[in-house]
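Coordinate-derived values only; no laboratory data. Predicted model, so just to flag it, every value in this text is computed and none were measured. All Cβ positions, even for glycine, are placed from backbone atoms using ideal geometry, and neighbour counts span all protein chains on display.
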Amino acid sequence: MRNSILACVGLLAVNAIAAPNNGGNPWNGWGYSGNGRCMNDDQANKVANNFRDLISAYTTTLANSVLTTTVQDYSDSVIELIDGGCPSGPIALGSATFASRASFEAGQGSQPNITFNILNVWHNCDTVTVRWRLPMPNPGPGAAPAVQEEVTGIAALETVWNGWQSSQQFLINMIYSEFNSGAWLYDLEIFKPANCAGARRTRSLPSYFSQKI
Ligand SMILES: *[C@@H]1O[C@H](CO)[C@@H](O)[C@H](O)[C@H]1NC(C)=O
């Protein structure tokens, strides 16, 4: 956090010096929230809490107030859940999970609220990174396994500046969100591991992981 604050302060200082020479805003082309504003810790926490509330206390009114209309959401972890672990889809890994606010609302609006705890928040001028963890027991249909697996995730939230007068000064414009959907599939009893007492199965890991174990 401290480093990002210093980076922001540095940017603002340079901006103040550069602007008169330029006659305009020198940072527009850099995409810094539209007009060079750099978010502070409170604004970053608000964005992080907005993201949490979209999952844990979802309403369309909330989505309309904290997301841009063109927001996109990329999450192979969610696609893996939607696909139930099946390689045949229906949604291809790597594609946008939701490609607009309307699509996000159609998808998220039909989900039960899921509470999670924010563990860390980091930010730079226009992007907030949130690390989170579900409290256990995790929600799921039917009888959950007696022992559940913990689900932890990270989301990078790109924002755009929405004006000082707004109650939401930074709107989420891009969501990159990944989490332990293997644990989630286990908790939903879609994935049932065998031979849990056996040795760890490095063979099933990509080679770049197994070499480090
Ligand atoms: C989710 O939480 C919000 C806010 O509390 C509530 O209005 C909404 O009805 C809840 N959605 C579901 C599916 O329970």
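Observations
- Near Gln72, the amide H atoms lying under 5 Å from its own belong to Met174, Ile175; only residues 5 or more places off or on other chains count, and H is placed 1.01 Å from N.
- Potential lengthening between Glu189 and Thr115 on full extension [0.36 nm per residue; Cα-Cα distance subtracted]: 24.7 nm
- Spatial separation of Cα centroids for the range 163-189 and the range 55-70, in angstrom: 11 Å
- Highest average packing first - 56-63, 71-78, Cβ atoms within 10 Å: 71-78, 56-63
- Chain lengthening between Ala57 and Cys86 when straightened (0.36 nm per residue, less Cα-Cα): 7.5 nm
- Separation in nanometres of the label points that stand 7 Å from Cα toward Cβ, at Trp164 and Thr68: 2.2 nm
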